[in-house]
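What follows is a set of notes on a single structure, which appears directly below.
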Amino acid sequence: MTAQLDFSIDHRPDFPLLQVRLGAGQSLFAEPAAMVTMSPALHMRAGLKGGLGKSLGRMFGGESLIVNTFSAPNGAGAIDFAPAALGDIHHYALGNGGGLMLQRGAFLAHGEGVTLDAKWQGARGFFSGNGMVMLRAGGSGDLFFNGYGAVMPIDVDGGYYVDTGYVLAFEDTLSYRVTTMPGLRPGTGQKLKTFFLGGEGLVCQFSGRGRVWVQTRQIGSFLGWIYPFRPVKQRN
Amino acid sequence: MAQFPGGVFDDGLPDGRAAASLVPGPEAVEARLDSGAVFVIGYDSLRMEFGGATGRMLFLRGAEPRLTLFSEAPGLLEAIAAAGGPASAGAVAGARAGQAQTRKTHLRNWGIALAVLVALWFTVPPIFRVMVDGAVQQLPLSVDVKLGELASSEMAGLGPAITDEAVAGFATEIVERLRPGLPPEIQALDLKVTVIESTQVNAFALPGGRMAVLSGLLKKADGVDMVAGVMAHELMHVRHRHGMRHIVRAAGVITALTVLAGDATGLLGIAAEGAALAALTSYSREMEAEADLDGVRLAAAAGFDPAGMPAFFRKLSEIAPDSQAPEALSWMSSHPRHDERIAALEAAIPGLVRAESTPMKHTLEAARAALKGD
């Protein structure tokens, strides 16, 4: 699948900006507050896309209820988007037979023909820290997602382990389960100590064929690192 | 023939995969690509299993190891069974057996998880309580005193202390009358009470015995027995070391979270601060109930009317709407269910022995008269 939209991603990977150049009649859907600049020819409308059910699903998947629709009814124009977190933006062309699972907050924008659904993940979602519900992008068209840090694609053929906090997106042809690091299963002697003290608790074990996108930083670790330096309010 | 949207994995394809329509025929499943290319897996070599991120995607493999067809379209398995008849029966049975096995495993895992949760729900809180109480008993009372000193800055922020003898002496006299009813080690503490100028109807005790009465309480109280009831309640928080218990409890929860959550340190730090604050601010309902019942007994033993405490609660529920109790150290706003507490107290009062009442040297009336703006 090749991209249907004319786009470019500049200033990568720390503070990237996504520019989409919409042709007359084309539309683009983006998370609220992501727009940076826009040509006057373009038109923006905010609303619940896909009805209340889909909107609630998006909300449980860690996204906003509202989706902004940008259209070019009167002629071509360009628009720039910036994600909230500092990290790279990636493009994915849907339409190769499967969909893409997205971590909470990873969605940035998509073109026409793409559907976003909430998929119940249950216990593995809970333990993976990605929430009980994940977003799944389906259909065909362009999808843009963003991570924290740089974004690295990994082609999985067989199996692969990724620390739960670093999984950004993966193709839905991959099966996954949340497990402890191999060799750290409880009941194997001193392994429990490694499990608790090693800080490498749970991993996503992917199997099958497909691609996983890994973000090179984790927001939780960053918060932990910066926490001691925060200004503390002095109480009288 | 029915078509099912899906895709193909094959090393010969650009990017290794492509979208395709899956078409079950009488002898084989065909995958037709938009490019016109067709991939075929015959039923004689077909193996199928469910998988993918949702567990509902059907994967089809044949003799060629690098070729995989997949689709999540509902009804594909049934269509293959119908189109292939006996030829596809083996592969269909294999996929269904795998699906049934997965379901069984899921069900078993959920069952185990549920059972563990229920077991933890019933066993952890009592064990935890025993551990907390044991830990608090190991800590000397001097720790409570230190803790109270740390928290006393909260007290200074509430308003200026009133040093007028009519006011300060009144509060001190109540404490001195209550003191003999306390165990010796608590009596030995510096049970100092300060009256703070404030419109708030509130009083509190810090771990280690320092107490504060806000002057709004003296203004609103309908008699010395109400004030004594409140102060007896606060003294019981000191006597039962509720502040310490709360902190040890919070520390235990944080330790448990750390062990469970591994490297989620950032969120834990935030949670820890919240928990520490909660530990210093409000007590649990069981602690409040304990302070109520033991407090009313203490007040009666000192010769005060035990009915003062429930009467005060009634008064509180009347004036609660305009309560400006600070979020921290609040005596009343964080305690809902005045009714329940009043009922529990009134049930206990008939069984209490009230000591003989002697007149106070400092009266509430005199204290009030000395308060500014009254």
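The values are calculated or read from the model by the stated rules, or taken from the named source; none is laboratory data. Nothing here was measured: the structure is a model prediction, and the numbers come from that model. Cβ: placed from backbone, ideal geometry, glycine included. Neighbour counts: every protein chain shown. Heavy atoms of the whole protein, side chains included, go into the accessibility calculation; ligands, DNA and RNA do not. Shrake-Rupley method; radii C 1.70, N 1.55, O 1.52, S 1.80 Å.
Taking residue A:105, is it in a loop (DSSP other than H, G, I, E, B), more than 14 Å from chain B (Cβ to nearest Cβ) and surrounded by fewer than 18 Cβ atoms within 10 Å (Cβ to Cβ)? Criteria not met by residue A:105.
Against the numbered list (1) open to solvent by 80 Å² or more (accessible area, probe 1.4 Å); (2) touching a helix residue (DSSP H, G or I) at 6+ places or on another chain (Cβ under 9 Å), residue A:49 comes up short only at (1).
Taken over the stretch B:54-108, the residue count meeting the criterion of being away from chain A (no Cβ under 14 Å), in a helix (DSSP H, G or I) and surrounded by 13 or more Cβ atoms within 10 Å (Cβ to Cβ) is 16. The condition of being among the aliphatic types (A, V, I, L, M) and in contact with a helix residue (DSSP H, G or I) (Cβ under 7 Å, 6 or more places away or on another chain) holds for only one of B:188, B:161, B:171, B:166, that being B:166.
Taking each residue of the stretch B:296-308 that is in the same structural domain as residue B:182 (by TED's automatic domain parsing) and looking for partners that are part of a loop (DSSP other than H, G, I, E, B) and surrounded by 22 or more Cβ atoms within 10 Å (Cβ to Cβ) with beta-carbon atoms closer than 6 Å, six or more apart or interchain, yields B:296/B:306; B:299/B:306; B:300/B:306. With respect to the conditions (1) outside any helix (DSSP H, G or I); (2) within 14 Å of chain A (Cβ to nearest Cβ), residue B:213 falls short on a single one, namely (2). Restricting to the stretch B:156-186, and then to whatever is of a type in the set (A, V, I, L, M, F, W, C) and within 14 Å of chain A (Cβ to nearest Cβ), can you tell me which residue is nearest to the chain's Cα centre (by Cα)? If we take residues in the stretch B:156-186 being of a type in the set (A, V, I, L, M, F, W, C) and within 14 Å of chain A (Cβ to nearest Cβ), then B:158 is nearest to the chain's Cα centre (by Cα).
Cβ-Cβ distances below 8 Å connect no pair with a first residue in the stretch A:24-37 that is closer than 14 Å to residue A:7 by Cα, a second residue that is of a type in the set (Ser, Thr, Tyr) and open to solvent by 60 Å² or more (accessible area, probe 1.4 Å), and a separation of six or more residues or different chains.
For the stretch B:142-155, the candidate set comprises residues that are farther than 18 Å from residue B:217 by Cβ and open to solvent by 40 Å² or more (accessible area, probe 1.4 Å); within that set, the residue that is nearest to the other protein chains (Cβ to nearest Cβ) is B:153. Within the stretch B:283-297, the set of residues being open to solvent by 10 Å² or more (accessible area, probe 1.4 Å) and within 13 Å of residue B:354 (Cα to Cα) comprises B:297 only. List pairs: first in the stretch B:9-23 and more than 11 Å from residue A:97 (Cβ to Cβ) and at the interface with another protein chain (Cβ under 9 Å from one of its Cβ atoms), second assigned to a strand (DSSP E or B) and open to solvent by less than 20 Å² (accessible area, probe 1.4 Å), Cβ under 8 Å, 6+ apart or cross-chain? Final answer for the pair search is B:16/B:9. Checking each residue of the stretch A:65-75 against the condition of being of a type in the set (Ser, Thr, Tyr), touching a Lys or Arg at 6+ places or on another chain (Cβ under 9 Å) and at pLDDT below 90 gives no match.
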